[in-house]
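The values are calculated or read from the model by the stated rules, or taken from the named source; none is laboratory data. Keep in mind that what you see is a predicted model, and the values were worked out from it rather than measured. Cβ placement follows ideal geometry from the backbone for every residue including glycine, while neighbour counts extend to all protein chains displayed. What goes into the accessible areas is simple: the full protein's heavy atoms, side chains included, and nothing from ligands, DNA or RNA. Shrake-Rupley method; radii C 1.70, N 1.55, O 1.52, S 1.80 Å.
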Amino acid sequence: LRRDGTAVAVIPARGSMREAERFVAMHQEWLERARERQKKRPRAAEFWFPGTHVLWRGEMTEIRAAPDFSGGTKPQVCLAADVFRVPTLDRDLRPALEAQFARRARIELPARTWELAALAGLEVRQVTVRNQRSRWGSCSRRGTISLNWRLIQTPEFVRDYIILHELAHVRHMNHSERFWAEVARLCPDFGNAERWLKTHRLI
């Protein structure tokens, strides 16, 4: 279910349109409930300017224009204690800030993944950070973990849960009972993270 309320059914390679239509028809009640939940979720502003509140590291945080004591040529804004340079203050700041969020995510998320993998005694071949539109993360059979850059906007316990969820796939490439037992072992409080993700939909 996309943020605009559009439902998307993905048909597997061997599936058919008829099966997809039957599946959607069988799940109409769930779809309506999901749409109602979506309406109640806090929504980020479409356009970002100084004064706009955006989700940053798990908190709705005001974008504030910041004084520049370094003599830089571009203005800068603050989100809590973090400072970002922006091209201008009088146009939508969202593209510039999201690009910088993604750059920070490409530094912070792999480092945290390697750290958690070492603590869990799991081997990871590679960690990538991508602009995924429909998932928070994935793990390939070869041990490559891909993470959504938007995790940098979530609280630490949610970020860690997604990373640990993908690390559990290193041992179990499915969502079996054994997989969920591994998730519970790695992240005993994962239920709170799941609830946060259902309340705050970023993708």
Kindly indicate the residue of the stretch 12-36 that is aliphatic (A, V, I, L, M) and surrounded by 12 or more Cβ atoms within 10 Å (Cβ to Cβ) and also nearest to residue 195 (Cα to Cα) among those meeting that condition. 34
Among (1) in contact with an Asp or Glu (Cβ under 6 Å, 6 or more places away or on another chain); (2) closer than 25 Å to residue 160 by Cα; (3) in contact (Cβ under 8 Å) with a residue 40 or more places away in the chain; (4) not β-branched (Val, Ile, Thr), which single condition is residue 53 missing? (3)
Which is part of a helix (DSSP H, G or I), of a type outside the set (Lys, Arg) and either at pLDDT 95 or above or open to solvent by less than 20 Å² (accessible area, probe 1.4 Å) (or both), of 197, 119, 147? 119
Is it the case that the stretch 168-189 has a residue that's farther than 30 Å from residue 77 by Cβ, of a type in the set (Ser, Thr, Tyr), open to solvent by 20 Å² or more (accessible area, probe 1.4 Å) and outside any helix (DSSP H, G or I)? yes
Could you please give the count of residues in the stretch 43-102 that are among the basic types (Lys, Arg) and either assigned to a helix (DSSP H, G or I) or open to solvent by less than 50 Å² (accessible area, probe 1.4 Å) (or both)? 1
Consider the stretch 84-116. How many of its residues are among the polar types (S, T, N, Q) and modelled with pLDDT of 95 or more? 2
Based on this model, can you work out whether residue 29 counts as in a helix (DSSP H, G or I) and at pLDDT 90 or above? yes
Criterion first (in a helix (DSSP H, G or I), under 23 Å from residue 54 (Cβ atoms), under 15 Å from the mean Cα position of the chain (by Cα) and without any contact (Cβ under 8 Å) to a residue 40 or more places away in the chain) does residue 107 satisfy it? no
Among the candidates 138, 134, 146, 176, single out the residue that is on the phi < 0 side of the Ramachandran plot, of a type in the set (Gly, Ala, Ser) and touching a residue at least 40 places away in the same chain (Cβ under 8 Å). 134
Do we have any residue at all in the stretch 124-139 that's of a type in the set (Gly, Ala, Ser), surrounded by 15 or more Cβ atoms within 10 Å (Cβ to Cβ) and assigned to a helix (DSSP H, G or I)? no
Subset of the stretch 150-160 [in contact with a Gly (Cβ under 9 Å, 6 or more places away or on another chain), among the charged types (D, E, K, R) and surrounded by 21 or more Cβ atoms within 10 Å (Cβ to Cβ)]: 159
